[in-house]
Ligand code: FPP
């Protein structure tokens, strides 16, 4: 067990949950069984984040690029969302967790959308951990959307092009919206040994610390999570200063 400094807990941790497919292959089971195991790992990390006093947890559940996967895999991942909600919504409410979505989920299957909206509605007044599910999320996509809004305001004459600020761009991102507001993540974790950002939190990650774990996501435990946080706490963050 690692010793964590409670005074230096990251407020916002974002996770690229990678390796479900490789885990499935290792265990000789279908890819979807890997995602199912990934869902169980995710649930434990939500619970543990709450216990550690982390205020915001974001997980990369489905990217704008993930639609390229087989129909079977895509619809299977969305079905897991229904399974997750049906099984765990009550516990999330009991634990005061507020669920938010980062991404345009208007085109996901109807039953998943219904489950998601039920979750958002039931947890919207919760004041504990904010659990952001990045769904149909792409970093470039959200920056493009924000820029489009600003360009409209400039075209309407509401603002001048030279008035555009970084804050305005940030406010137009999913993490800048009123209900899903989240500060920039101090820590971004990626599992499975891959060391890429894959279009995740491009704007918000400007000063994030990156911690890469070799563990495949379904094997990622609260213990492993604490090791990543300890690694983060050992770093000296300077934000470009000295
Ligand atoms: C990456 O592993 C994982 C995903 C693209 C999906 C993540 C989904 C879950 C953890 C399911 C539960 C989510 C919710 C919100 C209920 P990969 O398939 O790219 O792994 P590989 O690189 O080993 O093939």
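Going through (1) in a helix (DSSP H, G or I); (2) under 18 Å from residue 177 (Cβ atoms) one by one, residue 111 falls short only on (2).
I'd like the full set of residues that are farther than 17 Å from residue 136 by Cα and assigned to a loop (DSSP other than H, G, I, E, B), limited to segment 42-80. Once the filter is applied, which keeps residues that are farther than 17 Å from residue 136 by Cα and assigned to a loop (DSSP other than H, G, I, E, B), segment 42-80 yields 53, 54, 55.
Screening residue 2 with (1) within 9 Å of the ligand (Cβ to nearest atom); (2) part of a loop (DSSP other than H, G, I, E, B) gives one miss only, at (1).
Against the conditions (1) assigned to a helix (DSSP H, G or I); (2) modelled with pLDDT of 95 or more; (3) within 12 Å of the ligand (Cβ to nearest atom), residue 150 satisfies every one except (3).
Conditions tested, residue by residue: (1) in contact with a strand residue (DSSP E or B) (Cβ under 9 Å, 6 or more places away or on another chain); (2) closer than 25 Å to residue 201 by Cα.
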| residue | (1), (2) |
| --- | --- |
| 10 | yes, yes |
| 20 | no, yes |
| 26 | no, no |
| 37 | no, yes |
| 53 | no, yes |
| 61 | yes, yes |
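Considering segment 23-35, and only residues there that are more than 17 Å from the chain's Cα centre (by Cα) and surrounded by 17 or more Cβ atoms within 10 Å (Cβ to Cβ), the residue that is farthest from the ligand (Cβ to nearest atom) turns out to be 32. Going residue by residue through segment 81-96, is there one that turns out to be outside any helix (DSSP H, G or I), within 15 Å of the ligand (Cβ to nearest atom) and in contact with a helix residue (DSSP H, G or I) (Cβ under 7 Å, 6 or more places away or on another chain)? No - not one qualifying residue is present in segment 81-96.
Mind listing just one residue for me: the one in segment 44-62 that is closer than 18 Å to residue 86 by Cβ and under 13 Å from the mean Cα position of the chain (by Cα) and, of those, surrounded by the fewest Cβ atoms within 10 Å (Cβ to Cβ)? Across segment 44-62, the extreme among qualifying residues is 46.
Considering segment 5-22, the residues that are outside any helix (DSSP H, G or I) and within 9 Å of the ligand (Cβ to nearest atom) include one that is farthest from residue 76 (Cα to Cα), namely 16. Annotation: of all residues in segment 188-210 being surrounded by fewer than 21 Cβ atoms within 10 Å (Cβ to Cβ) and not in a loop (DSSP other than H, G, I, E, B), the one that is nearest to the ligand (Cβ to nearest atom) is 210. Pairs linking a residue in segment 83-102 that is more than 21 Å from residue 53 (Cβ to Cβ) and without any contact (Cβ under 8 Å) to a residue 40 or more places away in the chain to a residue that is more than 15 Å from the ligand (Cβ to nearest atom) and assigned to a helix (DSSP H, G or I), with Cβ atoms under 7 Å and 6 or more positions apart or on different chains, are 89/122. Restricting segment 211-234 to residues that are in a helix (DSSP H, G or I) and within 13 Å of the ligand (Cβ to nearest atom) leaves a set whose member that is surrounded by the fewest Cβ atoms within 10 Å (Cβ to Cβ) is 219. It is to be established whether one or more residues within segment 124-145 are free of Cβ contacts under 8 Å to residues at least 60 places away in the same chain and under 16 Å from residue 171 (Cα atoms). Scanning segment 124-145, I find at least one residue that is free of Cβ contacts under 8 Å to residues at least 60 places away in the same chain and under 16 Å from residue 171 (Cα atoms), so the answer is yes.
The values are calculated or read from the model by the stated rules, or taken from the named source; none is laboratory data. Since we're looking at a predicted model, the values are computed, not measured. FYI the Cβ positions are ideal-geometry reconstructions off the backbone, even for glycines, and counts take in every protein chain you see.
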